[in-house]
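The values are calculated or read from the model by the stated rules, or taken from the named source; none is laboratory data. Everything numeric in this text was worked out from a predicted model, so none of it was measured. Cβ atoms come from the backbone with ideal geometry, glycine included; neighbour counts cover every protein chain shown. Please note that ligands, DNA and RNA were not included when accessible areas were found on the heavy atoms of the full protein model with its side chains. Shrake-Rupley method; radii C 1.70, N 1.55, O 1.52, S 1.80 Å.
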Amino acid sequence: MKLSNILRAAFALLAISLSAATAAPNEDRPNIVIIFADDLDADEIGCTADEIHTWATPSGAKRVVGKGLKAGSSQVYTPAIDSLAENGMMFTRFYVNATVCSSSRYCLLTGRLATAGPEIQLDYEPGTHARLEWRPGMFRAETNLPKTLQGLGYRTAIIGKWHNIPQNVKLPKRVKADHQANATYEHTSSVDEKLKRHYAAHKKFLSDGFGWDVVDRMEWGNSIVNLDWQCEGALKFIEETDDQPFFLYCALPVPHGQYSFGYNDISTYDDRVSSNGILDYVPDVLPSVEDVYRRVEEQGAPRENAMATRMDDYVDAVLKKLDEKGIRENTIVIFTSDHGSRGKNSVNQGGAKVPMIVSWPAKVEAGSECDSLIGSIDISATLVDLAGGELPGDMSQHNDSFGPQLLGDPEPTDWRESLLIEAGNSKGVVTRQWSYIANRVPPETAKAMKERPGEVYWTGLDHHNYQNDKMYPNFWDADQLYDLEKDIYEMENLAGNPEYAGVLKMMKGELSEVLKELPFAFGEFTR
């Protein structure tokens, strides 16, 4: 199919009116804040750190199965994040529908499954096999959450990490050496002009037609981390929004791996340094590094986990600003992550199942829990529902609103029984009890895997496997079936056990059914 035809078809599908049902008056509509951490495992925040039979964390694997690759200390101090759970609802069966930065963020902001993204159709013919990778980018023509909320009268802002610029967009390329996470003042000064040109071009692009009224304090991919500067931008947006409800999306750049990694050493950051080059002032909205270390040590947590508290201070500052303006009661605050690290770029539990906390003091029961099977694609549907609107048709094909559960009602009788997860050449489907993983590769990848055994992974790459082959003993099996009630760490593959043939058939059927909604082929499941 020609590129022009693909784009016409995609945009015809996506150019659905953003008009929504008559919304409630401004004063009745909730403000919305999403705080989206990066690579966060459940053992990296206090309220879920020891829930080792609910989330398959690195430290939990060490305690449960005796092998905790990537496991650090689960002693962390995150009182603000913990308070969200104490005063809100914890979702214990929440999954991201794709397990790397770009695709997870796409699912969150569009409500669509990742391989439904039109950008992927530029590289793969519909009906053929498509590898997901770090895709899809987002086109201006696509409907999305900020655009839909704008149509309901919301003021919108994005602060932090962006990882969804389409690959065919001609913008200055990010030079990794220029964008060091904890760059020195001297290094950043030497590349200051390049950083500022790069930042300005990307900001101009994202500010036009994507639904953001404010684009501020951004990191374009994995770039220079400055939480003070980013938090300052979030507080400024809240302070300046008075006459309308708002949607604030805070895409945190941390922890992006374990706290013990060098780029999470808070003592090495210089607050004059940013992804927009050298600042002409020093932001001063978060406690000092010395104060963070003092509190961490008082709580008995190791200094290497100080980034947890630094991140928590960001959350605390946002909550205090909401309190200061007297709007905390009617503000929905969501805290979750783009994926976990134990299974990143796979469809395993450790990568796909992460905590999600939703606090809305005016409406949500404090200390409550929800065990409905919910995906990141459902967040858009839920927020638009709670804002009094309706999703555009192309944003409502794959998702459901969990608004009833959030407000304390029973799970709807027609709620989904399974959920799709995607990564690379792998697809998984989960139910309350079972996880089925299918690895299917095109012929060229199968050939490479045979020629270089143990080096080319199911992703089709010889890198970006994040040690999954070392953490999951059945990694190389094309078909995997796990009983999540007994084996959340996915140690025993039941796919070849005759006793579970019926369950395997059922789960394969679930996968075939959900793939009918997507444009690409996947092994025998779409024939």
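When the residues of the stretch 314-342 are narrowed to those that are part of a helix (DSSP H, G or I) and open to solvent by 10 Å² or more (accessible area, probe 1.4 Å), which ends up farthest from THR459 (Cα to Cα)?
GLU324
Only one of THR143, THR188, THR184 is buried (at least 21 other Cβ atoms within 10 Å of the Cβ) and more than 24 Å from the chain's Cα centre (by Cα). Can you tell me which?
Checking each option against the conditions leaves just THR188.
Looking at the stretch 372-421, which of its residues are out of contact with any strand residue (DSSP E or B) (no Cβ under 8 Å at 6 or more places or on another chain) and among the hydrophobic types (A, V, I, L, M, F, W, C)?
ILE377, ALA381, VAL384, LEU391, MET395, LEU407, TRP415
Report every pair of residues separated by at least 6 positions or lying on different chains whose Cβ atoms are under 8 Å apart, first residue within the stretch 392-415 and under 14 Å from LYS363 (Cα atoms), second among the charged types (D, E, K, R) and open to solvent by less than 20 Å² (accessible area, probe 1.4 Å).
PHE402/ASP378
Please enumerate the residues belonging to the stretch 273-288 that are surrounded by fewer than 18 Cβ atoms within 10 Å (Cβ to Cβ) and part of a loop (DSSP other than H, G, I, E, B).
LEU279, ASP280, TYR281, VAL282, ASP284, PRO287, SER288
Quick check on my filter: what residues within the stretch 214-227 are farther than 21 Å from PRO146 by Cβ and either aromatic (Phe, Trp, Tyr) or open to solvent by less than 20 Å² (accessible area, probe 1.4 Å) (or both)?
SER223, ILE224, VAL225, ASN226, LEU227
If we scan the stretch 438-446, do we find a residue that is touching a residue at least 60 places away in the same chain (Cβ under 8 Å), aliphatic (A, V, I, L, M), under 21 Å from ARG342 (Cβ atoms) and out of contact with any helix residue (DSSP H, G or I) (no Cβ under 7 Å at 6 or more places or on another chain)?
Within the stretch 438-446, not a single residue is touching a residue at least 60 places away in the same chain (Cβ under 8 Å), aliphatic (A, V, I, L, M), under 21 Å from ARG342 (Cβ atoms) and out of contact with any helix residue (DSSP H, G or I) (no Cβ under 7 Å at 6 or more places or on another chain).
Among residues belonging to the stretch 283-310 that are acidic (Asp, Glu) and more than 18 Å from PRO253 (Cα to Cα), point out the one that is modelled with the lowest pLDDT.
Looking at the filtered set, the residue picked out is ASP284.
Please find, among LYS196, LYS236, the residue that is assigned to a helix (DSSP H, G or I), open to solvent by 30 Å² or more (accessible area, probe 1.4 Å) and either in contact (Cβ under 8 Å) with a residue 60 or more places away in the chain or within 26 Å of ALA49 (Cβ to Cβ) (or both).
It is LYS196.
All but one of (1) open to solvent by 10 Å² or more (accessible area, probe 1.4 Å); (2) under 26 Å from ALA37 (Cβ atoms); (3) not β-branched (Val, Ile, Thr) hold for LYS173; state the number of the condition that does not hold.
(2)
Just to be sure, is ALA49 at pLDDT 95 or above, open to solvent by less than 30 Å² (accessible area, probe 1.4 Å), closer than 22 Å to TYR293 by Cβ and not polar (S, T, N, Q)?
Yes; evaluated as a whole, the condition is true for this residue.
For the stretch 84-101: of the residues being touching a Gly at 6+ places or on another chain (Cβ under 6 Å) and under 20 Å from ALA130 (Cα atoms), which is surrounded by the fewest Cβ atoms within 10 Å (Cβ to Cβ)?
Per the criteria, the residue is ASN97.
Any idea how many residues of the stretch 483-509 are in contact (Cβ under 8 Å) with a residue 60 or more places away in the chain and crowded, with 19+ Cβ neighbours inside 10 Å?
Selection size over the stretch 483-509: 5.
What number goes with the only condition from (1) in contact (Cβ under 8 Å) with a residue 24 or more places away in the chain; (2) open to solvent by 30 Å² or more (accessible area, probe 1.4 Å); (3) in contact with an Asp or Glu (Cβ under 7 Å, 6 or more places away or on another chain) that LYS363 does not pass?
Of the numbered conditions (1) in contact (Cβ under 8 Å) with a residue 24 or more places away in the chain; (2) open to solvent by 30 Å² or more (accessible area, probe 1.4 Å); (3) in contact with an Asp or Glu (Cβ under 7 Å, 6 or more places away or on another chain), the odd one out for LYS363 is (3).
Just give me the residues in the stretch 456-482 being in a helix (DSSP H, G or I) and touching a residue at least 24 places away in the same chain (Cβ under 8 Å), in sequence order.
Matches in the stretch 456-482: ASN468, LYS470, MET471.
Within the stretch 310-332, is even one residue touching a Pro at 6+ places or on another chain (Cβ under 9 Å), polar (S, T, N, Q) and closer than 26 Å to ILE34 by Cβ?
Yes, the conditions are met somewhere in the stretch 310-332.
Only residues that are more than 26 Å from the chain's Cα centre (by Cα), modelled with pLDDT of 95 or more and not in a helix (DSSP H, G or I): list them for the stretch 487-527, please.
Across the stretch 487-527, the qualifying residues are GLU492, ASN493, LEU494, ALA495, GLY496, ASN497.
One line per residue, one yes/no per condition, for (1) crowded, with 24+ Cβ neighbours inside 10 Å; (2) modelled with pLDDT of 95 or more; (3) at positive phi; (4) not in a loop (DSSP other than H, G, I, E, B):
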| site | (1), (2), (3), (4) |
| --- | --- |
| ARG63 | no, yes, no, yes |
| GLY72 | no, no, no, no |
| ASP82 | no, yes, no, yes |
| SER103 | yes, yes, no, yes |
| LEU108 | yes, yes, no, yes |
| GLN121 | no, no, no, yes |
| GLY127 | no, yes, yes, no |
| GLY137 | no, yes, no, no |
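Against the definition (in contact (Cβ under 8 Å) with a residue 24 or more places away in the chain and open to solvent by 40 Å² or more (accessible area, probe 1.4 Å)), how does GLN230 come out, yes or no?
Here the answer is no, as GLN230 does not meet what is asked.
Part of a loop (DSSP other than H, G, I, E, B) and of a type in the set (S, T, N, Q): does that describe ASN345?
Against the criterion (part of a loop (DSSP other than H, G, I, E, B) and of a type in the set (S, T, N, Q)), ASN345 qualifies.
Looking at GLY211 and the list (1) open to solvent by 30 Å² or more (accessible area, probe 1.4 Å); (2) part of a loop (DSSP other than H, G, I, E, B); (3) farther than 14 Å from SER275 by Cβ; (4) not β-branched (Val, Ile, Thr), which single condition is not satisfied?
Tallying (1) open to solvent by 30 Å² or more (accessible area, probe 1.4 Å); (2) part of a loop (DSSP other than H, G, I, E, B); (3) farther than 14 Å from SER275 by Cβ; (4) not β-branched (Val, Ile, Thr), GLY211 fails exactly one: (1).
ALA251 - would you say it is open to solvent by less than 10 Å² (accessible area, probe 1.4 Å) and either part of a helix (DSSP H, G or I) or free of Cβ contacts under 8 Å to residues at least 40 places away in the same chain (or both)?
No; evaluated as a whole, the condition is false for this residue.
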